[in-house]
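Undergrad: One structure follows; several queries about it will come next.
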Amino acid sequence: MPGQAQCIMEEMPVPPVPPPDRPTAVSAARPPTTYFEAVGGEPTFRRLVSRFYAGVAQDPVLRPLYPEQDLTAAEQRLRMFLVQYWGGPADYAATRGHPRLRMRHVPFRITSVERNAWLGHMHEAVTSLELPPELEAPLWDYLVNAAMALQNAPD
Ligand code: HEM
């Protein structure tokens, strides 16, 4: 599991880069080596984050928190982060550097209200993927723990 035995937010390791695809039948036979691959790679994370932001865009609690009028760039940042965390390409590190998520969320007041709203949209997005339970569970558990760790204001 990525990130184990590390502070979940501040010391996110750069995940191992999956081996390059070989353009033969060998690659078709190769079992997935990362969670990222097992759930279907980039298109799966694209669907996840797109569904999540469709919810955020309509949410009266969350929408005012997002500084930009257009949520496309925010969507891309979260997608790159999750892709990287679960073992896909490290585009997040290349463009944004170290995640430092607690620090990056300091400008936003996150009580249990915002956290639960965030998790509500994320739950809908996760279940929309219709992953097998053994793949859905670690993703959802991670997101819950991460959201708990990012609450930064008392109720
Ligand atoms: C607990 C409720 C949460 C709220 C209310 C919240 C809110 C926000 C807001 C308002 C932004 C700024 C949007 C932007 O311009 O990028 C942001 C950025 C971001 N959030 Fe959250 N967030 C929450 C939880 C999480 C969790 C659990 C994760 C990771 C699993 C996460 C990952 C990110 C990332 C990667 C960025 C972009 C950071 C950057 O590179 O600037 N957030 N969040």
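Undergrad: So is residue 80 crowded, with 16+ Cβ neighbours inside 10 Å, touching a residue at least 40 places away in the same chain (Cβ under 8 Å) and in a helix (DSSP H, G or I) or not? Talk me through it step by step, then tell me what you get.
TA: Details: crowded, with 16+ Cβ neighbours inside 10 Å: yes; touching a residue at least 40 places away in the same chain (Cβ under 8 Å): no; in a helix (DSSP H, G or I): yes.
Spelling it out, it is not the case that residue 80 is crowded, with 16+ Cβ neighbours inside 10 Å, touching a residue at least 40 places away in the same chain (Cβ under 8 Å) and in a helix (DSSP H, G or I).
Undergrad: Restricting attention to region 120-139, report how many residues are surrounded by 14 or more Cβ atoms within 10 Å (Cβ to Cβ), in a helix (DSSP H, G or I) and of a type outside the set (Gly, Ala, Ser).
TA: 8
Undergrad: Identify, please: which residue in region 53-77 is out of contact with any Ser or Thr (no Cβ under 9 Å at 6 or more places or on another chain) and among the hydroxyl-bearing types (Ser, Thr, Tyr) and is, among those, surrounded by the fewest Cβ atoms within 10 Å (Cβ to Cβ)?
TA: 72
Undergrad: Among the residues of region 127-147, which ones are farther than 20 Å from residue 43 by Cβ and in contact with a Lys or Arg (Cβ under 7 Å, 6 or more places away or on another chain)?
TA: If the condition is that a residue be farther than 20 Å from residue 43 by Cβ and in contact with a Lys or Arg (Cβ under 7 Å, 6 or more places away or on another chain), then 147 is the only one that fits.
Undergrad: Given the condition surrounded by 12 or more Cβ atoms within 10 Å (Cβ to Cβ), modelled with pLDDT of 95 or more and under 23 Å from residue 140 (Cβ atoms), answer yes or no: does some residue in region 7-18 qualify?
TA: No: region 7-18 contains no residue that is surrounded by 12 or more Cβ atoms within 10 Å (Cβ to Cβ), modelled with pLDDT of 95 or more and under 23 Å from residue 140 (Cβ atoms).
Undergrad: Quick one: how many residues across region 56-77 are near the ligand (Cβ under 7 Å from one of its atoms), part of a helix (DSSP H, G or I) and touching a residue at least 24 places away in the same chain (Cβ under 8 Å)?
TA: Here is the first cut: in region 56-77, the ones near the ligand (Cβ under 7 Å from one of its atoms) are 62, 65-68, 73-74, 77.
So of that shortlist, the ones also part of a helix (DSSP H, G or I) come out as 65, 73-74, 77.
Add one more test, that the residue is touching a residue at least 24 places away in the same chain (Cβ under 8 Å), and what stays is 65.
Number satisfying all stated conditions: 1.
Undergrad: Those residues that are touching a helix residue (DSSP H, G or I) at 6+ places or on another chain (Cβ under 6 Å) and among the charged types (D, E, K, R), I need them from region 125-140; list them, please.
TA: none
Undergrad: Testing residue 107 on (1) within 9 Å of the ligand (Cβ to nearest atom); (2) closer than 19 Å to residue 58 by Cα, one condition comes back false. Which one is that?
TA: (2)
Undergrad: Would you call residue 121 within 12 Å of the ligand (Cβ to nearest atom), in contact with a Gly (Cβ under 9 Å, 6 or more places away or on another chain) and not basic (Lys, Arg)? Walk me through how you get there before you give the answer.
TA: On the way: within 12 Å of the ligand (Cβ to nearest atom): yes; in contact with a Gly (Cβ under 9 Å, 6 or more places away or on another chain): yes; not basic (Lys, Arg): yes.
Yes, satisfied.
The values are calculated or read from the model by the stated rules, or taken from the named source; none is laboratory data. Remember, predicted model here, so these are calculated numbers, not experimental data. Please note: Cβ atoms are built from the backbone with ideal geometry, for glycine as well, and neighbour counts cover all protein chains shown.
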